[in-house]
1. For segment A:263-272, does any single residue satisfy the condition of being farther than 23 Å from residue A:208 by Cα, buried (at least 24 other Cβ atoms within 10 Å of the Cβ) and of a type in the set (D, E, K, R)?
2. Where residues in segment B:36-46 are in contact with a helix residue (DSSP H, G or I) (Cβ under 8 Å, 6 or more places away or on another chain) and facing chain A (nearest Cβ under 7 Å), which of them is farthest from residue A:131 (Cα to Cα)?
3. Show me the helices (runs of 4 or more DSSP H) found entirely inside segment A:1-115 where at least 2 residues are over 21 Å from residue A:233 (Cα atoms) and among the hydrophobic types (A, V, I, L, M, F, W, C).
4. Do the conditions hold for residue A:218, that is, is it under 20 Å from residue A:68 (Cα atoms) and in contact (Cβ under 8 Å) with a residue 12 or more places away in the chain?
5. Could you pull out the residue among A:141, A:126 that is out of contact with any Gly (no Cβ under 6 Å at 6 or more places or on another chain) and either surrounded by 24 or more Cβ atoms within 10 Å (Cβ to Cβ) or more than 11 Å from chain B (Cβ to nearest Cβ) (or both)?
6. Can you name the residue in segment A:359-382 that is within 15 Å of residue A:429 (Cα to Cα) and without any contact (Cβ under 8 Å) to a residue 60 or more places away in the chain and, of all such residues, is surrounded by the most Cβ atoms within 10 Å (Cβ to Cβ)?
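The values are calculated or read from the model by the stated rules, or taken from the named source; none is laboratory data. If you're wondering where the values come from, they're calculated on a predicted model, not measured in any experiment. All Cβ positions, glycine included, derive from the backbone under ideal geometry; neighbour counts span all protein chains shown.
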Amino acid sequence: MSAFQSLREFLQRLEAEQQLLRVTEEVSLEPDLAAAACALAQLGETSPAIHFDRIKGYQNARVVMNVHGSWPNHALALGLDKHTSLRDQFFEFVRRYQQYPGGLERVTSAPWQELVVERDVNLFDLMPLFRLNRGDGGFYLDKACTVSRDPDDWDNDDVENVGIYRIQVKGRNRLGIQTVPQHDIAIHLAHAEARGEDLPVAIAVGNEPVITLVGAMPILYDQLEYKMAAALQGQPYRCVKTGKGLDVPWGSEYVLEGRVLAGQREPEGPFGEFPGYYSGGHRYPVIEIDRVSHCKDPIYDSVYVGKPWTELDFLQAMTTCAPLYVQVHESFPEVVAVNALYTHGLVVIVSTKTRFGGFAKSVGMRVLTTPHGLGYAKIVIVVDADVDPFDLKQVMWALSVKVNPAGDVLILPNLSENLLDPACQPGGMVHKMIIDATTPIAPDSRGDYGQELDTPPQTDAWRQKLGALMNDLQKGAR
Amino acid sequence: MESSRPPVCPRCRSTTIEVRSHSPVAGVWTVFGCATCLYAWRSTEPEENTDPDQYPAVFRLKPEDLADLPVAPSIPPRRRR
């Protein structure tokens, strides 16, 4: 395992692994950047990150996208071999997740402190901001880590929060931020507003890849994201305090310091969101930026959000699977693995051992009662322990032959759901479904599952032998 | 394209148009913003983002509807000290 201290260090690694593509032609901010990132997602699950450094209107701006946008990049972010299988990435992610908490390494200076703008802040000048989708209300910071503390518990590090929230740049130093009530920063803001105070925030743009994953992870309110990032990196997380006392990653490219203005809400949105639909408009909190610090020749990191799959789906992949697995496994140790990769886990596939008839349905109901289940999981497919939930061919086989809809499909009416799920009726409410695709066992005697096929003797040995021969064949063809 | 200030917002047709920024390399583009609906656009974007007549109907807003947008999160009452 190797940990990266900065975005630049990770980009070097991606380049060395042939997972960074440098675009040398001159590009327009719109529509080229979003179009290129969207196209990359259409090119499959091994796409590289993409780097632009000739951007119309800027002398020396640099933009990187799709940094997390493939399984090889995701594996490399975790310091794993880029060929690590999805299933192995899942088990390694879960193993490290359960090492929480890691430590903090607080240092007093960072590269992002090199250049400071404190007067006449103009974010359009400082950062190559651009529109992602035609209906977006403006240009967004959509991959930045926003750091805040609880004004009622200021010195408690464990309730400091690092989260990725969409941020609309409305004016030179004026932002809108989406902090829905379920978000931890909304608790901080509520406490600040009850006191009649602005909430200090630091917004870190262009970070090493692990804190970005953790900022999107639904961990507990009193779990500090830096300590989770340290657990995932396998070493203490290096950060620096701002003048206001907020911890910021050492390796950030830009750090914006400002305040969420107490008691103010302004029109925000729409923004093309993770379900593949626009969010609509709301009146959301407002941030004023007082100070911007950045590295020399900073690199601006952005994620394209569109109809799945895009880079966003990789960011929300293991970060959703791992907490869900840990929570369900605590209640049901029979659970083997959880695949919540699809559209932020609106669909969840669980593989489990079963102890008696009906057991899988209970596992499915437990998924729906986790914190993730309250707002996301809508369709739960439960498969046997010998079905790899990450291999959809196996899952479809299980659905094809293990399911008798007469007794294996449960519809649970009017449960809670994320407002952004367009299937909600009304918003925030939806029916949910559990599909039991496990083999019925006693006392459930339905079906005829007595004569399952296995493989011929010597298949494993032949697989190894033929794999080596095929490798030789392909080498000879080069 | 260093363009002159457009007469109305492409999204809500208010006349409250402000210049947000000029391109650091002079004369390449201008970012405009609407002080009413807070829509922002760059002069060099496709016409569907810059021209009120080309702006997609599904995304248009009326200034009078802005006050009815849902507020999130709600603003808590001030605590007594």
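1. Looking for residues that are farther than 23 Å from residue A:208 by Cα, buried (at least 24 other Cβ atoms within 10 Å of the Cβ) and of a type in the set (D, E, K, R), one finds at least one in segment A:263-272, hence yes.
2. The initial filter retains those residues of segment B:36-46 that are in contact with a helix residue (DSSP H, G or I) (Cβ under 8 Å, 6 or more places away or on another chain), namely B:36-37, B:41-46.
Filter again for facing chain A (nearest Cβ under 7 Å), leaving B:37, B:42, B:44-46.
Working: B:37: 17, B:42: 9, B:44: 12, B:45: 9, B:46: 11 Å.
So, considering only residues that are in contact with a helix residue (DSSP H, G or I) (Cβ under 8 Å, 6 or more places away or on another chain) and facing chain A (nearest Cβ under 7 Å), the one farthest from residue A:131 (Cα to Cα) is B:37.
3. Details: elements: A:7-16, A:34-42, A:71-77, A:86-97.
Per the criteria, A:34-42.
4. Working: under 20 Å from residue A:68 (Cα atoms): yes; in contact (Cβ under 8 Å) with a residue 12 or more places away in the chain: yes.
So residue A:218 passes the test.
5. On the way: A:126 fails: either surrounded by 24 or more Cβ atoms within 10 Å (Cβ to Cβ) or more than 11 Å from chain B (Cβ to nearest Cβ) (or both).
Among A:141, A:126, only A:141 is out of contact with any Gly (no Cβ under 6 Å at 6 or more places or on another chain) and either surrounded by 24 or more Cβ atoms within 10 Å (Cβ to Cβ) or more than 11 Å from chain B (Cβ to nearest Cβ) (or both).
6. First, the residues of segment A:359-382 that are within 15 Å of residue A:429 (Cα to Cα): A:368-369, A:372-379.
Those still in the list that are without any contact (Cβ under 8 Å) to a residue 60 or more places away in the chain too: A:369, A:373-374, A:376-379.
Working: A:369: 14, A:373: 24, A:374: 14, A:376: 24, A:377: 27, A:378: 23, A:379: 14.
Taking the candidates together, the pick is A:377.
Yes/no matrix, rows are residues, columns are (1) surrounded by fewer than 22 Cβ atoms within 10 Å (Cβ to Cβ); (2) within 14 Å of chain B (Cβ to nearest Cβ):
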| residue | (1), (2) |
| --- | --- |
| A:135 | yes, yes |
| A:168 | no, yes |
| A:179 | no, yes |
| A:209 | no, no |
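Yes/no matrix, rows are residues, columns are (1) closer than 21 Å to residue A:179 by Cβ; (2) in contact with a Phe, Trp or Tyr (Cβ under 7 Å, 6 or more places away or on another chain); (3) of a type outside the set (Val, Ile, Thr):
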{"residue": "A:218", "(1), (2), (3)": "yes, no, yes"}
{"residue": "A:224", "(1), (2), (3)": "yes, no, yes"}
{"residue": "A:271", "(1), (2), (3)": "yes, yes, yes"}
{"residue": "A:276", "(1), (2), (3)": "no, no, yes"}
{"residue": "A:283", "(1), (2), (3)": "yes, no, yes"}
{"residue": "A:289", "(1), (2), (3)": "yes, no, no"}
